[in-house]
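What follows draws every value from the coordinates through simple rules; no lab data is involved. Here the structure is a predicted model, which is why all the values come from computation and not from measurement. Quick reminder, even Gly has a Cβ in these numbers, built from the backbone with ideal geometry, and neighbours come from all protein chains shown.
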Amino acid sequence: MKNAIITGGKGVLGQAIATALTATGWQVLAPSHDELDILQATALKSYFKQNPPELLICCAGITRDAPLGRLSETAWDETLAINLKSALHCAQLAEPHMARKKAGHIIFISSFSALRPPIGQAAYATSKAALLGLTKQLAQELGPQNIRVNAILPGFMDSPITRHLGQQRRARILADHHLGRLNTPAEVGKFIHHLHHQMPHTSGQIFQLDSRIA
């Protein structure tokens, strides 16, 4: 059975991706923070050794938004540790198994904020932009081993969280989308499934899935 690991897998997006994969026979491991602390190197190494993936999706992420003058060092460090450093560690741990199999796929979940960050998102935007550089570098380094590396910018998604936004805030967000609608977690899951199964020659690419223009 094909094995996939999704970090941050208990979130709305992680669950949608898991649903899209399990529907076609994947064994999906989408551990919660309680099941796997992605900042604990020993636990992470053991988890990947026991569950080597053919597909790794680094979906874990946090925001610690604050204006520059109020952005604490702790908030900066936490954001980069979870959004960027943990993704690198997961890729490092997945690579040996993928290299032995001469096949594998690593997908980093980035953000539109990496391209056009709003005010107050210095830490988040930096971490997500760094994932784009990591995607392109690893695609070159791991390509000879038939390991693909791609990045997804899911967009501002229609989800239970965003549905609770005020009408004015939601209207401003929609106005920035040239199709006048938001993406959904389910469509992101379907795209990732399509990217993995139907685009086997694609690596080092960044896919923005909504209708905003940076």
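What pairs from 45/85; 2/102; 2/190; 49/190 go past 21 Å between their alpha carbons?
49/190
Rounded to the nearest 500, what is the chain's calculated 222 nm mean residue ellipticity when only DSSP H runs of at least 4 contribute -39500 (n - 2.57) each, over all residues?
When only DSSP H runs of four or more count, the value is -13000 deg cm²/dmol.
Give me 157, 98, 199, 1 ranked fewest to most by other Cβ atoms within 10 Å of their Cβ, as a rough exposure proxy.
By the 10 Å Cβ count, ascending, the order reads 1, 199, 157, 98.
Region 137-156 to region 164-214: how many Å between their Cα centroids?
That distance is 18 Å.
Fewest first, what order do 5, 82 take by the number of other Cβ atoms within 10 Å?
The fewest-first ordering by Cβ neighbours comes to 82, 5.
What does the extension gain come out to for residue 213 and residue 78, with contour length at 0.36 nm per residue minus their alpha carbon separation? Let's see the in-between values first.
Values: separation 135, 0.36 × 135 = 48.60 nm, distance 2.90 nm.
Here the segment from residue 213 to residue 78 would lengthen by 45.7 nm.
Apply 1/(1 + (r/R0)^6) to the Cβ-Cβ distance of residue 167 and residue 145, taking R0 = 41 Å, and write down the FRET efficiency to the nearest 0.05.
It comes to 0.25.
Using 0.36 nm per residue, how much length does the chain from residue 2 to residue 205 gain when fully extended, once their Cα-Cα distance is taken away?
Value of the extension gain: 70.8 nm.
Can you give the FRET efficiency to the nearest 0.05 for residue 174 and residue 22, using r as the Cβ-Cβ distance and R₀ = 25 Å?
0.20
Quick one: grab Rg to one decimal and Dmax as a whole number for region 80-214, Cα atoms only, in Å.
Cα only, region 80-214: 16.1, 52 Å (Rg, Dmax).
Starting with the fewest neighbours, write out 34, 65, 210, 77 ranked by other beta-carbon atoms found within 10 Å of each beta-carbon. Mind dumping the intermediate values first?
Details: 34 7, 65 17, 210 20, 77 13.
Result, fewest neighbours first: 34, 77, 65, 210.
With contacts defined as alpha carbon pairs under 8 Å and 6 or more residues apart, what's the relative contact order of region 3-208 in percent?
Working: 340 pairs, mean separation 47.2, N = 206.
Over region 3-208, the number comes to 23 percent.
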